[in-house]
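Below is one structure, written out as structure tokens; the observations come after it.
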Protein chains: 2
Amino acid sequence: MRPKIALVAFGGNAMLPDDQRGLQAEQMRNAQKAAELMVSIVRKGYELIIVHGNGPQVGNLLIQMEEAANKIPPYSLDVCDAMTEGSMGFMLERAIINELRRHSIDKEVASLITQVVVDKNDPAFGKPTKPVGPFYSKYRAQMLAREKKWTMVEDSGRGYRKVVASPKPIDVVPNGIIRELVEAGRIVIAAGGGGIPVIINGNGLFEGVEAVIDKDYAASLLAREVKVDLFVILTAIERVFINFGKPDQAEVSVLTVDEAKKHLADGQFPPGSMGPKIRAAVEYIEAGGREVLITKDSHLKAAMLNRSGTRIIASREEEPQ
Amino acid sequence: MRPKIALVAFGGNAMLPDDQRGLQAEQMRNAQKAAELMVSIVRKGYELIIVHGNGPQVGNLLIQMEEAANKIPPYSLDVCDAMTEGSMGFMLERAIINELRRHSIDKEVASLITQVVVDKNDPAFGKPTKPVGPFYSKYRAQMLAREKKWTMVEDSGRGYRKVVASPKPIDVVPNGIIRELVEAGRIVIAAGGGGIPVIINGNGLFEGVEAVIDKDYAASLLAREVKVDLFVILTAIERVFINFGKPDQAEVSVLTVDEAKKHLADGQFPPGSMGPKIRAAVEYIEAGGREVLITKDSHLKAAMLNRSGTRIIASREEEPQ
């Protein structure tokens, strides 16, 4: 019998939150906390795939590359993404192995460098909007725009930043490998940072592109490709809000796909935060997925018992009792 | 029937040679060359594991971390190793996928973040000898020695460098996963840079350490753990020399383990270059391996037909005809 498989997505800020300095020791402690949560899901009988974000980490790496640019040729964003898959994959993998050892669970962990294909004709490429990396002076920004053909925009009065496209993922390249590994009982860390974006060029070959793939969209795609049983999106809040900040503001414990789509159309969920999560959930359910759970790490255990979190489901008939 | 499996090890300088600047475009082209060679081995009917070094790449990354140290907290060497597994794994994987597509070979590639266990009591830790990362001024070197407990030595009159231990690898952590993947027909990139060194601490938990694992030793260990059929070590020369630089200098096409050990004892192979390769070969054959091939990338095809390279074998009776 095929095991029950859960896919859990969480942001890069779970390992490097805004209010920390980004010290390695801090990130290690955060990885440890994440590992405890992940292993608690394994102990509930799930096989597990983990997709993490990399926003703060790749931002830091781009700053490091820029600071040393006169000594060492910097890498492009796709290669930097791959590097954060390395550092974060290692920290998470080691913390999970240790947590498994503490519970005497005999389970191997695979952390995979993951390319994710995007459409070279994705309209997002015509309108890059996602700021990445350091703030530059106007002079340096103009130079980079000329030399590297980067799109530079002024950002929050602090200087100029590069903006890149955020295309939709269309294929998680090693999804066959990921499925086999997780079905064989391995914990798999994959598509970190939403994956390394690649296009298939005119010659049918893979080519890296400077872009940011939303990690919730990549997680949703992978959840569909592997046909997982439970898709969990961890975020900063316990439950999704409707009419947030208004007098009739309300937390919701269940959303059907139709309700979620209506709220999306009504602009209930801001594009930079809850919007992509709800959209990722809708795409997963519409492709036949059973249930998406959106909640905060500290409430995941309660949410898995239907006592917290927001569930997105196909219809009310399927609502858990 | 179990497929024939080859493990190929090559240095980080194959992707970033001394005479290049280290531009990403250069490394991509070198990855393409390496990919052509790797796929030629696949086309000879072998399943394939690839172990690459990371010397120049991790050196560059440590310089980038140091240059930005006043803005972004730097990572330790083990995390930097993981990051080069990301960047190099991605570049190689993409180039291999493209080369497979050119030949219409339907084969997936897995690039794994790889921890390698070393003994916390390895005598190497008492005597760190391997210089890594940037040259520092005397002042900064003293500060780092005090603050981070690094061992700093003056190096080649250009300043001070950190030195770390080079312990022997004792376990490639995900070797079960690597074996399964390669037996299932996947090309596996693993233990890049010799792997990320970890010790098992007094509580039985994994802990990262700042050390350098020789990639040929790690490759030899993995070759034994997976029981590969052919172990190839690529280097800068076509064949191993005996009495190098002396009047009776000679290239050798075959070395038995006993001959190799005698030459090692006689100091024929310098510790920084051919020594570890010969030792890695001896360890593999003594554990029951059939054959090690040491040669240069351009001569690998001829070497696989017994027309070039140096073979290390158990005894003359097994010498190929």
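No value in this document is a laboratory result; all are computed from the given coordinates. Here the structure is a predicted model, which is why all the values come from computation and not from measurement. Virtual Cβ from ideal backbone geometry, glycine too; neighbours counted across all protein chains shown.
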Along the charge dipole of region B:207-314, Cβ charges K/R +1 and D/E -1, which of B:PHE269, B:ILE312, B:ALA250 sits furthest on the positive end?
B:ALA250
If each part is reduced to its alpha-carbon centroid, region B:215-292 and region A:268-314 end up apart, in Å, by 56 Å
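Rounded, prolate or oblate, given the Cα gyration tensor of region B:215-321, with a/c below 1.5 counting as rounded?
Values: a/c = 1.40, a/b = 1.22, b/c = 1.14.
Verdict is rounded for region B:215-321.
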The answer for A:VAL116, listing residues at least 5 apart or on another chain whose modeled amide H is closer than 5 Å to its amide H, is A:VAL173, A:ILE196, A:VAL198
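Would you work out if region A:163-268 is rounded, prolate or oblate? Take a ≥ b ≥ c from the square roots of the eigenvalues of the alpha-carbon gyration tensor; rounded if a/c is under 1.5, else prolate when a/b is larger than b/c, oblate otherwise.
Working: a/c = 2.63, a/b = 1.57, b/c = 1.67.
It comes out oblate by the Cα gyration axes.
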Run through the other copies and list how far each one's label point is from that of A:LYS4, in nm with one decimal, shortest first; the point sits 7 Å from Cα along Cα-Cβ.
4.7
Amide hydrogen neighbours beyond the local backbone of A:SER308, cut-off 5 Å, H modeled
A:ALA303
Shortest first and in nm to one decimal, what separations exist between B:PRO270 and its copies in the other chains, measuring from label points 7 Å along the Cα-to-beta-carbon line?
6.0
Inter-copy label distances at B:ALA184, 7 Å along the Cα→beta-carbon direction, one decimal in nm, shortest first?
0.5
Out of residues 5 or more away from A:GLU47 or on other chains, whose amide H comes under 5 Å of its own, with H placed 1.01 Å from N in the peptide plane?
A:LYS4, A:ILE5, A:ALA6
Applied in sequence order to region A:156-169, the curve 6.51 cos²θ - 1.76 cosθ + 1.60 (Karplus, θ = phi - 60°) yields integer Hz couplings, x standing for Gly and Pro, of 6, x, 9, x, 10, 10, 6, 10, 10, 6, 10, x, 7, x
Between chains A and B there is a rotation axis; tell me the chain A residue with the nearest beta carbon and how many whole Å away it sits.
A:GLY86, 1
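Just how large is the dipole of the protein assembly as shown about the Cα centre, in debye to the nearest 20, putting +1 at every Lys and Arg Cβ and -1 at every Asp and Glu Cβ? Please list the in-between numbers first.
Numbers: 82 positive and 82 negative charges, 160 e Å.
Roughly 760 debye, rounded to the nearest 20.
If you count, for every residue in B:181-191, the Cβ atoms of partner chains within 10 Å of its Cβ, what is the mean?
Numbers: counts 5, 0, 0, 4, 0, 4, 0, 1, 1, 0, 0.
Averaged over the peptide's residues, the number is 1.
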Nearest 20 debye, what's the magnitude of the dipole of region A:169-306 about its Cα centre given +1 on Lys and Arg Cβ and -1 on Asp and Glu Cβ?
240 debye
In this structure, the FRET efficiency calculated for A:ASP119 and A:ARG290 from their beta-carbon separation, with R0 = 25 Å, to the nearest 0.05, is 0.35
What ³J(HN,Hα) values, in whole Hz, does the Karplus curve 6.51 cos²θ - 1.76 cosθ + 1.60 give for region A:5-17 when θ = phi - 60°, with x put for Gly and Pro?
10, 10, 10, 10, 10, 9, x, x, 6, 5, 9, 9, x
Counting DSSP beta bridges with both partners in chain A, what percentage is antiparallel, nearest 5?
45 percent
Run the quick spin-label model on A:LYS138 and B:THR129: label points 7 Å from Cα toward the beta carbon, then report their separation in nm to one decimal.
5.8 nm
Based on alpha-carbon positions alone, could you give the equivalent ellipsoid semi-axes of the protein assembly as shown from the gyration tensor, as √(5λ), descending, whole Å?
43, 28, 24
Helix A:24-43 versus the longest principal axis of chain A: what is the Cα-based angle in degrees, 0 to 90, to the nearest 10?
30 degrees
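Short version: what are the Cα gyration tensor semi-axes of chain A, square root of 5 times each eigenvalue, largest first, in whole Å?
Numbers: eigenvalues 198, 113, 78 Å².
Each semi-axis is √(5λ); the values are 31, 24, 20 Å.
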Counting helices only, and only those DSSP H runs with n ≥ 4, report the 222 nm mean residue ellipticity of chain A as the sum of -39,500 (n - 2.57) divided by its residues, in deg cm²/dmol to the nearest 500.
-11500 deg cm²/dmol
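Quick one: work out the % antiparallel among DSSP beta bridges in the protein assembly as shown, nearest 5.
Details: 41 of 95 bridges.
Antiparallel bridges make up about 45 percent of those DSSP assigns within the protein assembly as shown.
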If I stretch the segment between A:GLU36 and A:LYS261 completely, what's the gain in nm (0.36 nm per residue apart, minus their alpha carbon distance), one decimal?
77.6 nm
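Once you order the gyration tensor axes a ≥ b ≥ c over the Cα atoms, which shape class does region A:17-153 get: rounded for a/c under 1.5, otherwise prolate or oblate by comparing a/b with b/c? Could the numbers behind the result be given before it?
Details: a/c = 2.83, a/b = 1.94, b/c = 1.45.
Prolate is the answer for region A:17-153, as a/c is 1.5 or above and a/b outweighs b/c.
Below 28 Å Cα-Cα, how many Lys pairs turn up in region A:1-129? Only count pairs eight or more apart in sequence, or on different chains, if you could. Before the final figure, lay out the partial values.
On the way: A:LYS4/A:LYS33; A:LYS4/A:LYS44; A:LYS4/A:LYS107; A:LYS33/A:LYS44; A:LYS33/A:LYS107; A:LYS44/A:LYS107.
For region A:1-129, qualifying lysine pairs total 6.
Report the relative contact order of chain B, percent, no decimals, based on alpha-carbon pairs under 8 angstrom and at least 6 residues apart. Walk me through the numbers on the way to the answer.
Working: 629 pairs, mean separation 60.9, N = 321.
Relative CO of chain B lands at 19 percent.
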Note on region B:100-248, DSSP bridge orientation, antiparallel percent to nearest 5 equals 65 percent
For region A:160-262, which trypsin sites (Lys or Arg not before Pro) are in a loop by DSSP, counting at most 13 other Cβ atoms within 10 Å?
A:LYS227
For Cα pairs less than 8 Å apart in space and 6+ apart in sequence, what is the mean separation divided by the residue count of region B:158-219, i.e. the relative contact order in percent?
41 percent
